[in-house]
1. Roughly how many Å² of Arg46 are accessible to a 1.4 Å probe, to the nearest 10?
2. Would you indicate which of (i) 39, 18, 10; (ii) 35, 12, 9; (iii) 24, 15, 13 is the value of semi-axes √(5λ) of the Cα gyration tensor in Å derived from the coordinates of this structure?
3. What residue among Gly56, Gln16, Thr84 has its Cα farthest toward the positive end of the dipole of the chain, where the charges are +1 on Lys, Arg and -1 on Asp, Glu, each on the Cβ?
4. Run the accessible area of the chain with a 1.4 Å probe and give the carbon-and-sulfur part as a rounded percent.
5. Would you kindly state how much longer the chain becomes between Leu8 and His73 on full extension, computed as 0.36 nm times their sequence separation minus their alpha carbon distance, in nm to one decimal?
6. For region 5-107, which GluC sites (Glu not before Pro) are in a loop by DSSP, counting at most 15 other Cβ atoms within 10 Å?
7. Considering Cα pairs under 8 angstrom that are at least six residues apart, work out the relative contact order of the chain and quote it in whole percent.
8. Once the Cα atoms of helix 91-105 and of the chain are each reduced to a long axis, what angle between those two axes, in degrees from 0 to 90 to the nearest 10, is obtained?
Amino acid sequence: MDDLEFRLCLKIEIDQLDLWIGQGWLIPEISGGQRQFRDADVARARLILDLMAHMGVNEAGVDIVMELVDELHGLRGTMSQLMTAIGRQEQDVQRRLFESLEDIGRH
């Protein structure tokens, strides 16, 4: 969705959107010189709105939360790659890997 659709969907002003982009909380794609937002951007913006408007979190707090969200997303991708790599191994190797992972979880 374009800039205007995004702002109307979230009921935010251009200054607020520009601030969030400037802070790096949202990183829209650029297509034909226009900012374009994905569903993930809408979800991030709703989280920002909830944090600031409903929970009273300041900008520094939002920075921390958004960094944690990005870290979690990165870890999720890494875990998916790990599971794919394990799935390509022979059954015996898979079993030993999962047993090793269970041992880690017990500590």
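The values are calculated or read from the model by the stated rules, or taken from the named source; none is laboratory data. Just so it is clear, the model here is predicted, and its values are computed rather than measured. Counting neighbours? That spans all protein chains shown, and the Cβs are built from the backbone with ideal geometry, glycine included. The protein model used for the area step is the full one, side chains on, heavy atoms only, and it has no ligands, DNA or RNA in it. Shrake-Rupley method; radii C 1.70, N 1.55, O 1.52, S 1.80 Å.
1. Rounded to the nearest 10, the figure is 120 Å².
2. Identified label for the calculated read-out: (i).
3. Checking the options against the dipole of the chain, the answer is Thr84.
4. Taking all protein chains in place, the chain shows 55 percent carbon and sulfur surface.
5. Numbers: separation 65, 0.36 × 65 = 23.40 nm, distance 2.68 nm.
Value of the extension gain: 20.7 nm.
6. Numbers: sites: Glu5, Glu13, Glu29, Glu59, Glu67, Glu71, Glu90, Glu99, Glu102; in loops: Glu13, Glu90.
Qualifying residues, ordered by number: Glu13, Glu90.
7. Details: 48 pairs, mean separation 19.6, N = 107.
Averaging sequence separation for qualifying contacts and normalising by length gives 18 percent for the chain.
8. 60
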